[in-house]
């Protein structure tokens, strides 16, 4: 029987994933249907005896140094620098030591740490990818939660950095894409800074991406801070529509963070509460999408013809209001797709029902902020004029955070 802490963690992870991947709102009695909306494809809550190693069916441990970034640590095997704490956490520890005369690119190694990945054990292609962690602090510390494309041929195979923190920026984390022509310091990304001078090392935070075809959205504690699509790459190749594996590591030193100095206290720890990957596939038959005034996204007149307007209407449980949110980026009802009319990208472009074509005007991302976004336009599904009357047409509009752009699936 699972421990109460493990059950609590699983429930929190499931709720968080549901809120983000499927924009599920208040708890409902229809638990079976809601559970089907969010499918867990990978989960580790790091339950186990204190001092034990990570689950080898999920993770492999990398060893050695890293000359590419001029990092200073030696990554050790087993549970020496990566171990469970007996309280449902993985603890990756960086130490100033060299117990086995490890040799690094710069000579005798000065530090040890750990790096784990799921290569050969698990890959993801789309979904909600998250980890709840507490980062270390201090000059030279460089914790990261990230993914590499398979087969690895960096940078052409791609890299998705979900969270990186460098010790000289205690209040800021970064999310970045690397690929052909935009790698290293040329990566495409942004930072997220906590308010009021808070440090990420002071508490646990949840770092996530919502990943769909031609779209990746980053969030911290459910707060979306950037979205990237092929349009951000200036004509360079988007290499993120394929499988990637997960990586957790704590580096010491390197080009970006700089080396530790006299102010850096060792040991330092990256504490990981859970890692999960979920998809947003709805159950057979679909589920309602509720919005402004508790009303539903509705196909006008339940008419499956191409070009039928999609509108707001009282929820009635009919097939015209049962939508399937797919990991392929589509949102479907009556056998057809939610479509931006005329492939429009301007504010006010209406949405309709249309044969599924695989086009970018039929791809959508449900974010942690409960927006439904068309990545091509980088705009939100919107109730025209903030009007909650039956029959109000739906459109896309620049994302404002308004109630007429907030949606609940299920």
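So here's what we get for this one:
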{"quantity": "Residue match in segment 256-277 (condition: surrounded by 16 or more Cβ atoms within 10 Å (Cβ to Cβ), closer than 21 Å to residue 396 by Cβ and over 29 Å from the mean Cα position of the chain (by Cα))", "calculated": "no"}
{"quantity": "Residues that are part of a helix (DSSP H, G or I) and either without any contact (Cβ under 8 Å) to a residue 12 or more places away in the chain or in contact with a helix residue (DSSP H, G or I) (Cβ under 8 Å, 6 or more places away or on another chain) (or both), drawn from segment 389-410", "calculated": "403, 404"}
{"quantity": "Enumerated strands (runs of 3 or more DSSP E) restricted to segment 125-222, each holding at least 1 residues that are crowded, with 17+ Cβ neighbours inside 10 Å, within 14 Å of the chain's Cα centre (by Cα) and not assigned by TED's automatic domain parsing to the domain that holds residue 69", "calculated": "none"}
{"quantity": "Pairs where the first residue, in segment 156-185, is on the phi > 0 side of the Ramachandran plot and the second is surrounded by fewer than 23 Cβ atoms within 10 Å (Cβ to Cβ) and in a loop (DSSP other than H, G, I, E, B), C-beta under 8 Å, 6+ apart", "calculated": "158/239; 158/242; 181/236; 181/237; 184/155"}
{"quantity": "Search result, residues across segment 353-378 that are closer than 20 Å to residue 290 by Cβ and either at pLDDT 95 or above or in a strand (DSSP E or B) (or both)", "calculated": "353, 365, 366, 372, 373, 374"}
{"quantity": "Test: residue in segment 380-388 that is within 23 Å of the chain's Cα centre (by Cα), under 22 Å from residue 221 (Cα atoms), touching a residue at least 24 places away in the same chain (Cβ under 8 Å) and surrounded by 23 or more Cβ atoms within 10 Å (Cβ to Cβ)", "calculated": "yes"}
{"quantity": "Some residue of segment 321-329 being surrounded by fewer than 23 Cβ atoms within 10 Å (Cβ to Cβ), without any contact (Cβ under 8 Å) to a residue 60 or more places away in the chain, over 30 Å from the mean Cα position of the chain (by Cα) and under 20 Å from residue 410 (Cβ atoms)", "calculated": "no"}
{"quantity": "Some residue of segment 305-314 being in contact with a strand residue (DSSP E or B) (Cβ under 7 Å, 6 or more places away or on another chain) and at pLDDT below 90", "calculated": "no"}
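The values are calculated or read from the model by the stated rules, or taken from the named source; none is laboratory data. This is a predicted model, so every value here is computed, not measured. Methodologically, a virtual Cβ is constructed for each residue, glycine included, from the backbone with ideal geometry; neighbour enumeration extends over all protein chains shown.
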